[in-house]
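We did not get these values from a lab; they are worked out from the coordinates using the rules stated. Remember, it's a predicted structure, so these values are computed and weren't measured experimentally. Glycine also receives a Cβ, built like all others from the backbone with ideal geometry; neighbour counts cover every protein chain displayed.
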Amino acid sequence: MSSVHAENAYRNAQRQFDIAADILNLDHGYRKLLRVPHREFTVNFPVKMDDGRVEMFTGYRIQHNLTRGPAKGGIRYHPDTDIDEVRALAMLMSWKCAVVNIPYGGAKGAVVVDPAKLSLGEVERLTRRYATEISFMIGPDKDIPAPDIGTNAQIMAWIMDTYSMHIGHTSPAVVTGKPINIGGSHGRREATARGLVYVLREACEQANISIAGAKVVIQGYGNVGGTSAMLLEDMGAKIVGVADRGGGVYNPKGIDLRVLQAHYEKTGTVAGSPGGDEISNAELLELPCDILIPAAIENQITIRNADRIKARIIIEAANGPTTPDADTILFDRGVLVIPDILANAGGVTVSYFEWVQGLQEFFWTEREVNAQLERIMVNAFETVHQMAQSRRTTLRTAAYLLAVDRTADAYRVRGIYP
Ligand code: GLU
């Protein structure tokens with residue numbers, strides 16, 4: 001992913017917003033306001049490496065909008081990230097929180113780094129320094145980070161600890177996606193995949209597709225891709241293709257997930273796993289299947305491959321995997337696209353539950369978490385689906401209509417200060 005690529009991610013996010021703003025006939029002032037991030041922070045900071053050298057890193061925290069509540073969104077560690085990618089992802093978080101109607105605005109953070117190339121100690125020092133640099137922006141009622149690509153529960157624990165040391169008392173609700181023993185929520189790790197599966201189940205029912213027996217292809221084998229594979233296999237689906245950064249495997253009869261998982265744990269990639277043919281990421285997206293789950297990074301389905309995609313349903317586990325031009329091609333070809341801001345909102349929804357539990361210091365069982373998650377995801381799907389039908393538009397545009405309207409509405413009642 002080059003920076004030109006990431007620049008497109010921001011432009012694409014703005015184009016998707018413009019489509020909704022046109023249909024809503026959004027007032028010119030609100031349109032200008034919601035099209036750009038509210039706050040952008042960039043920091044260059046030093047980290048002492050294990051060999052005594054000092055290395056410089058660049059980090060960002062961008063808050064797109066704060067009208068519906070404190071800012072919420074993950075932190076990404078990735079070597080190719082840049083400010084435009086973070087802008088796009090922050091904007092998507094605002095719409096995502098509004099689609100599932102949880103009381104947050106959107107934010108995103110990132111550090112330009114490949115964490116796999118650092119020792120654990122170096123990742124900890126980088127995280128604590130980055131947390132310190134953004135500490136003036138974050139807080140349980142200001143901006144609440146969470147994991148994203150390249151970050152995890154341990155990194156959230158370090159951010160929580162760093163912030164808590166600065167303010168002199170423990171503040172569990174400053175981050176979500178923490179380990180359970182320091183205030184994390186049951187079900188948070190699986191939440192994005194679980195939420196995705198609830199939405200997919202509803203969409204398949206509407207489209208008369210049975211998940212049992214369906215052929216599924218998944219791009220990405222991280223937390224979301226890997227967990228989705230397991231959950232869908234449990235429902236009787238056949239996972240026929242999986243790939244990650246290194247490449248992938250294809251088996252039209254179905255991949256044995258236990259063999260795949262064992263290979264992944266040993267080598268850190270699904271590429272080269274026994275039990276299937278080797279394929280590239282580009283080939284994976286064009287495989288014959290019923291359901292395609294892009295669960296990696298932005299701009300994977302573009303005008304270059306959209307007319308060769310064979311899936312009947314694409315459900316976006318990643319943020320921004322489909323470009324607006326590809327969207328049009330897929331719509332014309334009758335492929336149903338379930339948009340990121342609906343499909344992957346289960347993660348931030350359980351983040352919201354974690355934050356509520358932290359503030360109340362009263363914790364729920366996993367069953368309670370999953371039941372509340374199911375209620376919110378099913379409700380969001382139904383609202384978006386109805387909107388798509390009544391406005392005769394795609395699910396993406398319907399989700400944007402709902403999200404942008406809810407956010408603009410919050411502005412209307414609050415008013416523009418001063
Ligand atoms: N990084 C996840 C996302 O893109 C989760 C964000 C959160 O839980 O705040 O939705």
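Taking θ as phi - 60° and the Karplus parameters 6.51, -1.76 and 1.60, the scalar couplings of the range 77-84 work out to 10, 8, x, 9, 6, 8, 4, 5 Hz in sequence order, x denoting glycine and proline. Annotation note: GluC sites (Glu not before Pro) in the range 262-361 located in DSSP loop regions with a Cβ neighbour count of at most 11 within 10 Å are Glu361. Between Val413 and Phe363, the C-beta separation translates, for a Förster distance of 30 Å, into a calculated FRET efficiency of about 0.35. Neighbours of Gln154, meaning other residues whose beta-carbon lies under 15 angstrom from its beta-carbon, give a summed charge of +1 when Lys and Arg score +1 and Asp and Glu score -1. Remark: the chain carries a charge dipole of roughly 700 debye about the Cα centre, counting +1 on each Lys and Arg Cβ and -1 on each Asp and Glu Cβ. Among the lysines of the chain, pairs that are 8 or more positions apart or on different chains and have alpha carbons within less than 20 Å of each other number 18. Among Met56, Met230, Met387, determine the one that fluctuates most according to a GNM of the chain built with springs between C-alpha atoms less than 10 Å apart. Result for the chain, Cα springs under 10 Å: Met56 fluctuates most. Fewest-first ordering of Asp82, Asp18 by other beta carbons within 10 Å of each residue's beta carbon gives Asp18, Asp82.
For the chain, the equivalent ellipsoid derived from the Cα gyration tensor has semi-axes of 30, 27, 21 Å, listed largest first.
Provide the net charge surrounding Arg406, with neighbours chosen by a C-beta distance below 12 Å and charges set as Lys +1, Arg +1, Asp -1, Glu -1.
Its environment carries a net charge of +1.
Between the range 371-418 and the range 204-266, the C-alpha centres lie 30 angstrom from each other.
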